[in-house]
Amino acid sequence: MKLLKSMACALVLLPGMFFTSVAMAELKIAVLDMQRAILESNEAVAFIKQVQKEVAPDAEKVKKIEASAKKLQDQLAKDGAIMSESEKKKLTESIEEKLVNYKYLVGKLQNTQKQKQQELLRLMNPKVETAVKTLLAENKYDLVLQRQALVFSNAELDITAKLTEMLNK
């Protein structure tokens, strides 16, 4: 009797499991890293190069200030024992002044970078939306997942390169 109940239960559950697996087999899934697709596009690469040219003078100033402050810190560490208190104080104040300038310029560069990144996304957004809609319609995907939200995915599911290609057209 137990065997008969088990078989009846299996017969009831089997069709449901079969149809579920068939439905899953027909589901077309893709993975997309939209940020990477945008940043690898020709337009974004050109935009980033232009931004780098714009911020190059400030970036150079940051490097010079950093090198100068490091030199002064090394001098203080090396000669601090034989310096008078006023010399140490003057050198320490000079280092602090350079660090303030350094922090200001780094903050300015980061702010500029953030603004330019937002500008790039604003410029690219209409193109990206159109390209994504076209890509989804052409390939009839049932589900598209963000790459950042996944622990693992098969590389064959990744359509990022296809999106970048469409953006470059």
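The values are calculated or read from the model by the stated rules, or taken from the named source; none is laboratory data. Note that the structure is a prediction, hence the values are computed from the model and not measured. Don't worry about glycine lacking a Cβ; one is built from the backbone with ideal geometry, like all the others, and counts go over all protein chains shown.
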### Query
Is there a residue in region 13-25 that is exposed (fewer than 13 other Cβ atoms within 10 Å of the Cβ), modelled with pLDDT under 95 and outside any helix (DSSP H, G or I)?
no
#### Entry: Residue count for region 142-169, restricted to those that are within 19 Å of the chain's Cα centre (by Cα), polar (S, T, N, Q) and outside any helix (DSSP H, G or I)
2
### Message
Would you confirm, using the coordinates I've provided, whether LYS78 is among the basic types (Lys, Arg) and touching a helix residue (DSSP H, G or I) at 6+ places or on another chain (Cβ under 6 Å)?
### Response
no
### Message
Return the residues of region 66-115 that are of a type in the set (S, T, N, Q) and touching a residue at least 12 places away in the same chain (Cβ under 8 Å); say none if nothing qualifies.
### Response
SER68, GLN73, GLN75, THR92, SER94, ASN101, THR112, GLN113
### Task
Kindly provide the set of residues from region 86-141 that are in a helix (DSSP H, G or I), surrounded by 11 or more Cβ atoms within 10 Å (Cβ to Cβ) and hydroxyl-bearing (Ser, Thr, Tyr), ordered by number.
THR92, SER94, TYR102, TYR104, THR112, THR130, THR134
#### Entry: Check on LEU163, buried (at least 16 other Cβ atoms within 10 Å of the Cβ) and in contact (Cβ under 8 Å) with a residue 60 or more places away in the chain
yes
